[in-house]
Amino acid sequence: MGDTARRIRECLKARGLDWPAAILDFPSLTSTNDLAKERAREGASEWSVITADEQTAGRGRQGHGWASPPGNLFLSVILRPHLGPRQALLIPLAAGVAIAEAVGELGVEARLKWPNDVLADGKKLAGILVEGSGLGTAEASVVVGVGMNLTMTADEAPSEIRESAISIRALSGRAVGVDTAASAVLARLTVWYHALGRKGPDAVLGAWREWSIDWWGQRVEARLGASVLHGLARRVDEQGALVLAQDDGTEVALLSGDVRELRLLDQRQR
Ligand code: BTN
């Protein structure tokens, strides 16, 4: 166990959590999600955690990259859900709630943009990449990958996200360590993952709505592969899909896996 992993475990212990599985840290990985998926296939137990000081090929949703310079959080957790299909679909939203709460503990107020972009001051502070395999089988695994900008400066950010990304340090003036951030994320993730199993979808959906940016009733644009849809953002349904009311009056439910980009067409994002 490396130093980061030991410190994360100690932070968790200080919060009363005896972490039930391995925590592994690496100086550099292509992507913590890639290694976590490999370890999950090899049988790693639920709640195994992989972190890296930097990623050389960090991945975001929908084939985007994720800028991964040292000093920021890159963490993946292996889950082995024994949840019904309705609950399993909501793991990404449950993770969003967990990360928003963790960010709050770090002194920054976050909001969630569907499906689970974590924004602060209207900019991207953290992102979540949930990847499942073998769902419906006894070997099912879900990897929840979390990237959080702790210290990233505009100079370190690639030019395409320089204007749209923000870090905890830029917002709060505080230098939060990877161990503190990781333990907050892991602790809140246990709460919301268990809530999904024990309290059911409505508890998670209710919490997600509380954290969501207030854009209901406003016009949005959703890009899905080659097509572009416009409509009023109505609600998030019980499957975690975004319901849009289109101009012809019909409603369409968009699944997060199908939507490449989503943006508000007027700029009242709060
Ligand atoms: C997004 O908002 O597009 C999701 C970004 C997820 C980034 C994290 S960093 C840790 C884990 N490893 C990856 O390659 N991606 C996720």
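Compared with the direct C-alpha span, the chain from LYS13 to LYS199 gains 64.4 nm at full extension, assuming 0.36 nm per residue. In the chain, the DSSP-assigned H stretches of four residues or longer account for a calculated mean residue ellipticity at 222 nm of -9000 deg cm²/dmol, using -39500 (n - 2.57) per stretch and the full residue count as denominator.
Helix 32-41 versus the longest principal axis of the chain: what is the Cα-based angle in degrees, 0 to 90, to the nearest 10? Helix 32-41 sits at roughly 80 degrees to that axis. Its Kirkwood hydrodynamic radius, worked out from the mean inverse distance over all distinct Cα pairs, puts the range 1-88 at 14.0 Å.
Within the straight-line cut-off of under 24 Å between alpha carbons, the lysines reachable from LYS113 are LYS123, LYS124, LYS199, sequence neighbours fewer than 8 places apart in one chain being disregarded. Summary value for the chain: 17 percent relative contact order, contacts being C-alpha pairs under 8 angstrom separated by 6+ residues.
Suppose we flag GluC sites (Glu not before Pro) only when DSSP calls them loop and at most 13 other Cβ atoms lie within 10 Å. Which is the longest uninterrupted stretch of the chain?
Details: sites that count: GLU42, GLU109, GLU139, GLU163, GLU238.
After excluding every exposed loop site, the longest remaining stretch is 164-237.
If a/c stays under 1.5 just call it rounded; otherwise compare a/b with b/c (prolate if a/b is bigger, oblate if not). Do that for the range 103-218, with a ≥ b ≥ c from the square roots of the Cα gyration tensor eigenvalues. Note, shape of the range 103-218 comes out prolate.
Read-outs throughout are calculated quantities, based only on the coordinates presented, and are distinct from any laboratory measurement. Given the structure is predicted, the values throughout are model-derived calculations rather than measurements. Heads up, the Cβs are rebuilt from the backbone with ideal geometry, glycines too, and the neighbour counts pull from every protein chain shown.
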